[in-house]
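The values are calculated or read from the model by the stated rules, or taken from the named source; none is laboratory data. What you see is a predicted model; the values in this text were computed from it and never measured. Heads up, the Cβs are rebuilt from the backbone with ideal geometry, glycines too, and the neighbour counts pull from every protein chain shown. Areas reflect the complete protein model, heavy atoms only, side chains present, ligands, DNA and RNA absent. Shrake-Rupley method; radii C 1.70, N 1.55, O 1.52, S 1.80 Å.
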Amino acid sequence: QVQLVESGGGLVQAGASLRLSCAASGITFRNYAVGWFRQAPGKEREFVAVSFRGTHTYYADSVKGRFGIDADNVKNTMYLQMDTLKPEDTGVYYCAAGRAILSSIRNPDAYGYWGQGTQVTVSS
């Protein structure tokens, strides 16, 4: 059974950093795309970043250079390091896993497993 549990969200001021965690069970990172998505109130869920089968990482243009993905394969935990946060980064952040192909990694429909989400709020 696949389970994803996010943690690490919070309320911070613009310019601060947060590190989100996604503790995974039932999957092996090298066999899955493990991504981060976010959803702001009244908006659709949007792609943030993904680790594709443990080999390559991809980022949305809006976070490129500020966010980074890394993994602890011993703990089976994926992390999203978020630096220089902006108010527009506010939203619920979700960890997702799926056997997505490369061309679909930015599409939330390509992911079959989701965590419960963690709230990130960035004040100006």
Legend entry - Residues of region 28-124: accessible area per residue with a 1.4 Å probe, Å²: 51 Å²
Inset, instruction - Return P(r) of region 57-124 (all Cα-Cα pairs; 5 Å bins starting at 0; whole %; ordered from short to long distances). - result: 3, 14, 21, 27, 22, 10, 2, 0
Legend entry - Loop GluC sites (Glu not before Pro), region 1-77, which have at most 14 other Cβ atoms in a 10 Å radius of their Cβ (DSSP): Glu44
Inset, instruction - Please pull out the direction-averaged projected area of the chain, using the convex hull of its alpha-carbon atoms, in nm² to one decimal place. - result: 6.9 nm²
Inset, instruction - Show which lysines lie in cross-link reach of Lys64 when reach means a straight Cα distance below 21 angstrom and same-chain residues fewer than eight apart are skipped. - result: Lys43, Lys86
Legend entry - Most mobile of Gly54, Gly91, Gly15 in a GNM of the chain (Cα contacts under 10 Å): Gly15
Inset, instruction - Compare Val63, Val34, Val48 in a GNM of the chain, Cα atoms joined below 10 Å, and give the one with the largest fluctuation. - result: Val63
Legend entry - Charge dipole (the chain, unit charges on Cβ, about Cα centre) - positive-most of Gln13, Ala40, Asn73: Asn73
Legend entry - Net dipole in debye of the chain [+1 Lys, Arg Cβ; -1 Asp, Glu Cβ; about Cα centre; nearest 20]: 200 debye
Legend entry - Of Ala97, Ala71, Ala16, the one that fluctuates the most in a GNM where the chain has Cα springs shorter than 10 Å: Ala16
Inset, instruction - Could you check the simple spin-label distance between Lys86 and Gln1, using points 7 Å along Cα→Cβ, in nm with one decimal? - result: 4.1 nm
